[in-house]
Amino acid sequence: MAGARAKVFELDVGGYHCRVRALSLREYLPISEGALLFPTGEQKEEILLNCILEPKELRESIECGDIPAGIPLLIFDYIMEFSGYGMTVDERNSVLDNMRSELELDVISSCKTMIVASGLKNLNELDEYSLMELLELVVLAEQVLNIQQSNIMAAFAGGEMVKISWETPLNKHEELMRKMQQKQQEVQQLLEQQTSPRGGMGVRRM
Amino acid sequence: MTEPKEAPQVEVESPEEELDSNTIMLREAGVPDEVIAAIPKWKTKYGGVRVAFIGEGAYIYKKLTWGEMKTITNTLANLTKNAQTSETQIAMTDIELQLEKALLYPRFSAESSGQFPAGDLETLQQLVTEYSGYVRVQPVVEDL
């Protein structure tokens, strides 16, 4: 339902005590187009009628049009401010700093953050899981994030990207034989080194 | 841009005997008698009017309604569709449109705007906006 999760605010404007909800991104985008943000009168009115929860008389007065203009205008401005639109760069930075200092993640929030960061699941899916399942996902998420980090480092430093490969079962025997042969050669080399004269330069078979 | 001027305002929402005491001020400011006579009718029609004395002149105005503001907003929104319209032009058009509707004396139009001092028009727009209910609550700060 539109606006079901929105924050609700209370205002006292023009003798009205109002309950107003915040404007969602979906509702904001149609009026945010164009270099000069200038919604039409109808767009503003639609936002007001959707966002003013109480009192009903206020919505009716706005629809009727005879209410003094400043009251709906002021409520519109408050809605935009509370919803976070129209902030200056400094205001936005200040809000983010305050939010960062207030953020304290509990166990569940920490798990969710890790899982969402890895891209394994969306935030709205995680409430269907138990905490035990979240912990399993967290371990997987850690692996994903490790691989992502390694690949980013490799991309910058020119190293090898992490990639997965499998061997078919038929090749297993041949691979085993090859490894055994390689081991034999290594052992042979070691033995030859041990029997060569000490202290001098030995001649090594290349 | 000039700073908006402080303008003494008189609320003309009072019984007949108080209107008489304001009549002297209005006449001294050059408001014609027929305009003064129209004030009670305007009060009934618009739910109240105000007079602002700015410089040597007097301006009588009413509140803007939301219906009138919607029309103004639509006109300005159409202007913004023209990429060559500047923010200054929009602001000036906004002032003209608001005063056309709100100013009862002297009558205002975009064509006659040249007769008015620019600072007076900005001040009047702010007064109209405030009278129409756009009043942000100022925080109350007190020394403890």
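Quick look at the values:
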| read-out | value |
| --- | --- |
| The stretch A:57-96: number of residues that are at positive phi and out of contact with any helix residue (DSSP H, G or I) (no Cβ under 6 Å at 6 or more places or on another chain) | 1 |
| Qualifying residue in the stretch B:49-64 (condition: assigned to a helix (DSSP H, G or I) and surrounded by fewer than 20 Cβ atoms within 10 Å (Cβ to Cβ)) | no |
| Complete set of residues in the stretch A:49-60 that are open to solvent by less than 80 Å² (accessible area, probe 1.4 Å) and away from chain B (no Cβ under 14 Å) | A:50, A:51, A:53, A:55 |
| Set B:77, B:91, B:102: member being within 12 Å of another protein chain (Cβ to nearest Cβ) and touching a strand residue (DSSP E or B) at 6+ places or on another chain (Cβ under 7 Å) | B:102 |
| Residue list for the stretch A:61-84, restricted to those being more than 22 Å from residue B:128 (Cα to Cα) and within 12 Å of another protein chain (Cβ to nearest Cβ) | A:81 |
| Residues being open to solvent by less than 70 Å² (accessible area, probe 1.4 Å), outside any strand (DSSP E or B) and within 14 Å of chain B (Cβ to nearest Cβ) - total across the stretch A:8-29 | 1 |
| Where a residue in the stretch B:71-90 is part of a helix (DSSP H, G or I) and at pLDDT 90 or above and its partner, wherever it lies, is basic (Lys, Arg) and open to solvent by less than 40 Å² (accessible area, probe 1.4 Å), with Cβ under 9 Å and at least six apart | B:73/A:44 |
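The values are calculated or read from the model by the stated rules, or taken from the named source; none is laboratory data. Treat the numbers as computed from the prediction; the structure is a model and nothing was measured. Heads up, the Cβs are rebuilt from the backbone with ideal geometry, glycines too, and the neighbour counts pull from every protein chain shown. Just the protein is used for accessible areas: all its heavy atoms, side chains included, with ligands, DNA and RNA removed. Shrake-Rupley method; radii C 1.70, N 1.55, O 1.52, S 1.80 Å.
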